[in-house]
Amino acid sequence: MNKIALSMVLISCLALFSCEQKPLPPIPPTPVNLQTVTTQRVLYYDKYPSTTQALSQVNLIAQVQGYITAVLFKEGTHIKKGQELYEIDKRLYLANYDAAAANLKVAQGNTEQAKQDADRYTYLNSQNAVAKQVYDHAIIALKNAENAEQSAKEALKTAKTNLTYSTIYAPFDGTIGFSLVKLGDMANVGQTVLNTISTDDPMAVDFLINEKQLAAFEKIEKINSQKSKVKSQEEPDSLFTILLPDNSLYPYPGKISVIDRAVDPQTGTIRIRLVFPNPDYVLKAGMSCIVRVHNQEQTPQILIPSKALVEQMGEYFVFVAKDTVLESADSTQKKGSDETNKGSGETKKGPGLFAFQKKVITGQTVGANVIIKSGINEGDRVVVDGVQSLHDGSRISTGSKK
């Protein structure tokens, strides 16, 4: 019985292996669109986040004590140098000034009297008509009177200064902010901040660059500082423009004002300050803007659609189409055989159009395109549509080639 069962198993195995195994149907080529790589001159801007800054900014601090008796400006407006802004109760300081002026007059009178006495005793002393002690006292009295007069003059200056400090004036042209004190508030000497004023025309714009870019900006600054410029070249000032927070273009170009003294060793960046005219006071201190630096690269560059890029682990790749002959691992092992890729089901033997993945280094994004620094060459055909369905070595097809 066992022999019969074993015979049936052997017969079944022979029948199974004698049957011809049918190959899997081949995978059809993936339809894609191609674009031939060309080089061209590209106009674009390097962009940097930036912040507007006032070239000068001061806090108005009370220099005398007293109640605020007048606020003489409109908050948030442009003011002129020397404009009256605040008044602190000046009655006490005016009284002190008047008293100091009166004391000076008294001191001047005493000096005049002492001088007359000194002149008289000097003459009598020359005639030996007065005691020496009386003469000496007259000279000393004159000196004391002169010192008292000088002290009265200094007291008058102090009183005048305090009276002047009771009115707060604008130190320069600029924009004044919200008042930090109101009518009737007490201002304390050296403690009470009344307001803040900042210059508004021109306005500074600060941004950070990588230390590798420092040489290029120093070159621009050097050209900008030269008195003679070649008219055929673009003026350095027009290299810098800014986008406002609403993404509109600010109408006035800027120029480099300051390059910071040192690179931040932790971030490898250095601060650049630009200066922009601000006649309409559109720029306000503290605004977030985008600095656009016009690229000066003159050589043609490779530009491809951004959708052709594939990102993998922070690196970028493109698929390049090539007419070639590929053999799968199965067909390589079975040279001379007519069978093709029985395991994978994809026929790769024979002529065809295939997509190969190439790593690229990208540059600036320009609209819907991106600059390619390296990785592909002029004349290569890159896949611009259908990249999501591809892998390295995929067979592709296209109805039109650019």
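Miscellaneous remarks
- Of all residues in the stretch 94-145 being touching a helix residue (DSSP H, G or I) at 6+ places or on another chain (Cβ under 6 Å) and open to solvent by 90 Å² or more (accessible area, probe 1.4 Å), the one that is nearest to K157 (Cα to Cα): N103
- Picking from residues in the stretch 278-308 that are under 24 Å from E211 (Cα atoms) and exposed (fewer than 15 other Cβ atoms within 10 Å of the Cβ), the one that is modelled with the highest pLDDT is S288.
- Taken over the stretch 353-383, the criterion of being crowded, with 17+ Cβ neighbours inside 10 Å and part of a loop (DSSP other than H, G, I, E, B) is satisfied by I376, D380.
- All told, G386 meets the bar of being open to solvent by less than 70 Å² (accessible area, probe 1.4 Å) and at pLDDT 80 or above.
- Counting only strands (runs of 3 or more DSSP E) wholly contained in the stretch 235-277, the ones carrying 2 or more residues that are touching a residue at least 12 places away in the same chain (Cβ under 8 Å) and open to solvent by 60 Å² or more (accessible area, probe 1.4 Å) occupy 255-259.
The values are calculated or read from the model by the stated rules, or taken from the named source; none is laboratory data. Just so we're clear, the structure is a prediction, and the values are computed from it rather than from any experiment. With ideal geometry, Cβ positions are generated from the backbone for all residues, glycine too; neighbour counts draw on all protein chains shown. Ligands, DNA and RNA are stripped out before the accessible areas are found, and what is left, the full protein with its side chains, is counted by its heavy atoms. Shrake-Rupley method; radii C 1.70, N 1.55, O 1.52, S 1.80 Å.
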